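This report concerns only the one structure given below.
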Amino acid sequence: MKIESAEVFVASPGRNYVTLKLTTDTGLTGLGDATLNGRELAVVAYLQEHVAPLLVGRDAHAIEDTWQYLYRGAYWRRGPVTMAAIAAVDMALWDIKAKAAQMPLYQLLGGPSRTKLRAYAHATGWSTGELIASVQQRIDEGFTAVRIQPGVPGLNRTYGVNGAGSALGAYEPAARLALPEEEDWDTSAYMRHIPGVFGTVRDKFGPEIDLLHDVHHRLTPIQAAKLGAALEPFNPFWLEDVTPAENQAALSLVRTHTTVPLAIGETFNSIFDYQILIRDQLIDYVRSAVTHAGGITAMRKLADYAALYQIKLAIHGPSDISPVGFAAALHLDLAVHNFGIQEYMMHPVQARDVFDVDYTYADGALYLSDSPGLGVRYDETAAAAYPYERAYLPVNRLKDGTLHDW
Ligand code: KDG
Ligand code: MG
């Protein structure tokens with residue numbers, strides 16, 4: 001079975017998505033997600049100009065070899081653009097292989113290791129009162145694990161707090177504008193405020209609900225250590241991205257001071273980004289997206305490496321991963337032994353016009369069907385009604401104007 005064509009589609013049903021469609025000489029098609037939020041067209045160009053010509057005529061079944069060909073064969077390695085492009089090809093080839101086998105993809109990955117996938121949702125509110133209402137909404141929807149992101153006194157805008165009270169799938173944690181919005185940040189104000197919010201939410205909802213929090217790369221290791229220790233009495237499920245972690249070894253300092261579980265990796269794109277973090281057991285959850293870390297082939301290796309150290313998989317699942325990339329995550333989640341939890345932020349309602357998905361949500365968990373492949377269909381005609389819109393993520397500045405991590 002040979003690859004006959006590789007087509008790239010960009011559509012913006014509520015937000016931009018880049019979708020790769022591979023077609024074989026037997027008529028089978030496979031879909032891959034290549035969406036890189038705020039840098040979408042760089043991946044489109046990489047796929048169209050540099051990858052598509054290499055695919056036509058290749059054996060559609062040779063997934064590992066194609067992965068290595070695109071990774072090693074480029075000479076230039078890693079990076080989010082390259083790895084998103086490779087991920088899209090890899091997902092599409094797994095989709096094709098599973099359709100050829102007439103099995104859902106998770107069967108080819110070893111079969112189901114569980115019956116359902118526990119999911120966490122986002123709760124958000126500038127004030128603690130609004131946040132509590134948002135947590136209650138998620139609990140009413142069946143979630144037993146909720147990420148809490150409050151506002152910070154003295155700041156105008158911060159990550160994770162936008163559109164509080166908006167419907168599921170309509171909520172956005174960040175403005176997406178034609179030029180980047182400038183948010184502001186004050187680490188001391190944040191560090192003073194968060195423990196009180198955690199305490200209030202814990203008091204209100206009791207010990208059983210799992211509470212997560214995303215620090216979004218903003219602290220130094222010693223600040224992260226201090227925050228972890230301050231939150232321990234409220235038993236967080238995890239703290240996410242406490243530091244940018246480009247310096248992996250720095251997390252050993254955080255570990256020395258707190259037993260709060262640590263999750264990291266949504267901006268990573270290679271298993272090597274985790275080499276020290278996993279080997280030295282500095283984290284508890286790996287958070288990469290299938291879309292940004294080289295696809296199913298690469299993520300399977302990452303999950304297996306993490307499993308050696310009892311570290312679990314908690315795949316990034318924001319609305320900027322398309323339903324194709326999200327479905328790929330669910331197949332992996334179902335198959336691996338070391339599944340932890342799945343982020344479920346949901347997609348804008350308009351995305352349903354373009355992506356027809358077989359996965360479902362009920363009572364705090366996600367379920368896959370037994371339809372062959374990834375279980376996602378792409379409507380090219382509907383997609384054409386949603387042209388690409390340039391949209392940047394925000395940037396972040398300290399009060400004195402210094403650019404800070406967003
Ligand atoms: O594009 C950036 C988002 O994917 C990211 O900000 C979402 O941090 C995020 C999360 O945990 O979902
Ligand atoms: Mg995050």
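Leu302: net charge of surrounding residues, Cβ under 12 Å, Lys/Arg +1, Asp/Glu -1, itself excluded?
Details: positive: Arg287, Arg300, Lys301, Lys312; negative: Asp273, Asp304.
Its environment carries a net charge of +2.
Go ahead and set up a Gaussian network model of the chain, Cα springs under 10 Å, then flag whichever of Gln68, Gln350, Gln137 fluctuates most.
Largest GNM mean-square fluctuation: Gln68.
Consider a paramagnetic label point 7 Å from the Cα of Asn235 along Cα→Cβ; state which residues of the stretch 308-340 have an amide N under 16 Å from it.
none
Explain nothing, just the number: dipole magnitude of the stretch 1-132 about its Cα centre with +1 on each Lys and Arg Cβ and -1 on each Asp and Glu Cβ, in debye rounded to the nearest 20. Let's see the in-between values first.
Working: 13 positive and 12 negative charges, 80 e Å.
In debye, rounded to 20, the stretch 1-132 gives about 380.
Please list Tyr190, Tyr75 from largest to smallest accessible area, probe radius 1.4 Å, with all protein chains kept in place.
Tyr75, Tyr190
How many percent of the accessible area of the stretch 21-172 is carbon or sulfur, using a 1.4 Å probe?
Numbers: 3260 of 5990 Å².
Carbon-and-sulfur percentage of accessible area, whole number: 54.
Give a residue-ordered list of calculated ³J(HN,Hα) values for the stretch 287-302 (Karplus: 6.51 cos²θ - 1.76 cosθ + 1.60, θ = phi - 60°; whole Hz; x for Gly, Pro).
Once rounded to whole Hz, the list reads 10, 4, 8, 4, 5, 9, 10, x, x, 5, 4, 6, 5, 5, 5, 4.
Of Met103, Ala87, Gly38, which is farthest on the positive side of the dipole of the stretch 3-104, counting Cα position, with +1 on Lys and Arg Cβ, -1 on Asp and Glu Cβ, and the Cα centre as origin?
Of Met103, Ala87, Gly38, it is Gly38.
On average, how much accessible surface per residue is there in the chain, in Å², for a 1.4 Å probe, leaving out ligands, DNA and RNA? Before the final figure, lay out the partial values.
Values: 15670 Å² over 406 residues.
About 39 Å² of surface per residue is accessible.
Dipole of the stretch 108-371 (Lys/Arg Cβ +1, Asp/Glu Cβ -1, origin at the Cα centre): which of Leu117, Ala306, Tyr361 lies farthest to the positive side?
Ala306
Using DSSP to call loops (not H, G, I, E or B), can you name the GluC sites (Glu not before Pro) in the stretch 233-296 whose Cβ has at most 16 other Cβ atoms within 10 angstrom? If you can, show how the numbers build up before the last one.
Details: sites: Glu240, Glu246, Glu266; in loops: Glu246, Glu266.
Sites meeting the loop and neighbour criteria: Glu246.
Find the relative contact order for the stretch 164-311 and round it to a whole percent, using C-alpha pairs within less than 8 Å whose residues are 6+ positions apart.
After rounding, I find 17 percent.
Considering only Leu282, Met346, Val336, whose Cα is most displaced toward the positive end of the charge dipole of the stretch 275-366, charges sitting on Cβ of Lys, Arg (+1) and Asp, Glu (-1)?
The residue sitting most towards the positive pole is Leu282.
Need the C-alpha centroid separation for the stretch 228-265 versus the stretch 364-406, integer Å.
The stretch 228-265 and the stretch 364-406 have Cα centres spaced 26 Å from each other.
Can you compute the equivalent ellipsoid semi-axes for the stretch 147-295, i.e. the square root of 5 times each eigenvalue of the Cα gyration tensor, sorted largest first and rounded to whole Å? Mind dumping the intermediate values first?
Numbers: eigenvalues 112, 88, 49 Å².
For the stretch 147-295, the ellipsoid semi-axes come out as 24, 21, 16 Å.
Would you kindly find the accessible area of Thr259, with a 1.4 Å probe and non-protein molecules such as ligands, DNA and RNA excluded, rounding to the nearest 10 Å²?
120
Counting pairs of alpha carbon atoms under 8 Å apart in space and at least six apart in sequence, what relative contact order in percent does the stretch 108-371 give?
Numbers: 492 pairs, mean separation 55.5, N = 264.
Relative contact order, the stretch 108-371: 21 percent.
What does the net charge come to around Phe268 if you take all other residues with beta carbon closer than 12 Å to its beta carbon, with K and R at +1 and D and E at -1?
Working: positive: Arg78, Arg287; negative: Asp241, Glu246, Glu266, Asp273.
Local net charge: -2.
Under 29 Å Cα to Cα from Lys2, which lysines show up? Leave out anything in the same chain fewer than 8 places away.
Lys21, Lys97, Lys99, Lys301
Give, in nm to one decimal, the length gained when the segment between Tyr388 and Thr187 is fully stretched (0.36 nm per residue of separation minus the Cα-Cα distance).
On the way: separation 201, 0.36 × 201 = 72.36 nm, distance 3.55 nm.
Once the chain is fully extended between Tyr388 and Thr187, it gains 68.8 nm.
With every protein chain kept in the model, how would you rank Glu7, Glu49 by accessible area, 1.4 Å probe, largest at the top? Write out the running numbers ahead of the final one.
Details: Glu7 70, Glu49 125 Å².
Final ranking, largest accessible area leading: Glu49, Glu7.
Taking the Cα centre as origin and putting +1 on Lys and Arg beta-carbons and -1 on Asp and Glu beta-carbons, what dipole magnitude results for the chain, to the nearest 20 debye? Before the final figure, lay out each step's value.
On the way: 33 positive and 46 negative charges, 129 e Å.
Approximately 620 debye in magnitude.
Probe 1.4 Å, all protein chains in place: accessible area of Asp370 in Å², nearest 10?
Roll a 1.4 Å probe over it and Asp370 shows about 120 Å².
Taking Cα pairs under 8 Å and at least six residues apart, what relative contact order does the stretch 3-104 come out at, in percent? Before the final figure, lay out each step's value.
Working: 158 pairs, mean separation 33.5, N = 102.
Taking the mean separation of contacting Cα pairs over the length of the stretch 3-104, I get 33 percent.
Could you give the length gained on full extension between His50 and Asp304, defined as 0.36 nm per residue of separation minus the Cα-Cα distance, in nm? Each step should come with its number before you reach the end.
Numbers: separation 254, 0.36 × 254 = 91.44 nm, distance 3.03 nm.
Fully extending the segment from His50 to Asp304 adds 88.4 nm.
Can you give me the orientation-averaged projected area of the convex hull built on the Cα atoms of the stretch 263-378, in nm²?
Details: hull surface 27.9 nm².
Result: a mean projected hull area of 7.0 nm².
If you keep only loop residues by DSSP, which trypsin sites (Lys or Arg not before Pro) in the stretch 289-390 have at most 15 other Cβ atoms within 10 Å of their Cβ?
Working: sites: Arg300, Lys301, Lys312, Arg352, Arg377, Arg390; in loops: Arg390.
Passing sites in the stretch 289-390 are Arg390.
Given a 1.4 Å probe and the protein chains all in place, what does the accessible area of Trp94 round to, in Å² to the nearest 10?
Looks like 40 Å² after rounding.
In deg cm²/dmol and to the nearest 500, what is the mean residue ellipticity at 222 nm of the chain if only DSSP H runs of at least 4 residues count, each as -39500 (n - 2.57), divided by the residue total?
Numbers: 14 runs with 135 residues, N = 406.
Estimated from H runs of four or more residues: -9500 deg cm²/dmol.
The chain: Rg/Rh from Cα coordinates, Kirkwood Rh? Could you put the intermediate results ahead of the total?
Working: Rg = 20.5 Å, Rh = 21.5 Å.
Taking Rh as the inverse mean 1/r over Cα pairs, Rg/Rh reads 0.96.
For helix 187-205, what angle does its Cα long axis make with the longest principal axis of the chain, in degrees from 0 to 90 and rounded to 10?
With both axes taken from Cα atoms, the answer is about 90 degrees.
The values are calculated or read from the model by the stated rules, or taken from the named source; none is laboratory data. This one's a predicted model, so the numbers in the text were calculated from it and none came from an experiment. A quick note on method: Cβ atoms are made from the backbone with ideal geometry, for glycine too, and the neighbour counts reach across all protein chains shown. Just so you know, the surface numbers come from the protein's heavy atoms only, side chains and all, with ligands and any DNA or RNA stripped out. Shrake-Rupley method; radii C 1.70, N 1.55, O 1.52, S 1.80 Å.
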